[in-house]
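A.B. asks: Here it is, the structure in full.
Laboratory data are not the source of any read-out in this text; all were calculated from the coordinates shown. As the structure is a computational prediction, the values presented were derived from the model and not from experiment. Here the Cβ positions follow ideal geometry from the backbone for every residue, glycine too, while neighbour counts run over all protein chains shown.
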Amino acid sequence: MLRALQDAKLAGTVRFVGFDSAPELVTALTEKQIDALVVQDPMKMGYLAVKAMVEHLGGKEVEKRIDTGAYLVTLGNMQEQQIKDLLNPPLDEWLK
């Protein structure tokens with residue numbers, strides 16, 4: 001969608017909320033071509049998935065739907081540490 005808006009010279013003039021934290025989308029947000037991004041927390045998703053599987057294998061009942069959360073990233077909050085970590089996860093910290 002971003003590429004289509006850019007090609008049509010409409011990026012920044014049409015309301016657009018993107019999904020995920022691809023570098024191109026983050027750049028477009030900082031350049032005001034996107035109004036906001038909806039992002040998820042992959043570390044939390046992985047943690048909750050493993051936790052649910054351990055509980056299931058241990059015979060406990062597990063919720064059929066587990067909300068892992070989503071965050072709305074805007075120009076106003078993208079410099080907050082939690083949001084910065086979602087946009088650019090500190091993978092070196094976790095993959096050592």
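A.B. asks: Output the residue which, of all residues in the range 15-71 that are among the hydrophobic types (A, V, I, L, M, F, W, C) and assigned to a loop (DSSP other than H, G, I, E, B), is surrounded by the most Cβ atoms within 10 Å (Cβ to Cβ).
C.D. replies: Ile34
A.B. asks: Go through the range 41-82 and give me each residue that's without any contact (Cβ under 8 Å) to a residue 24 or more places away in the chain and within 22 Å of Val26 (Cα to Cα).
C.D. replies: Met45, Gly76, Asn77, Gln79, Glu80, Gln81, Gln82, listed by residue number.
A.B. asks: Kindly provide the set of residues from the range 9-38 that are on the phi > 0 side of the Ramachandran plot and without any contact (Cβ under 8 Å) to a residue 24 or more places away in the chain, ordered by number.
C.D. replies: Lys9, Gly12, Asp20
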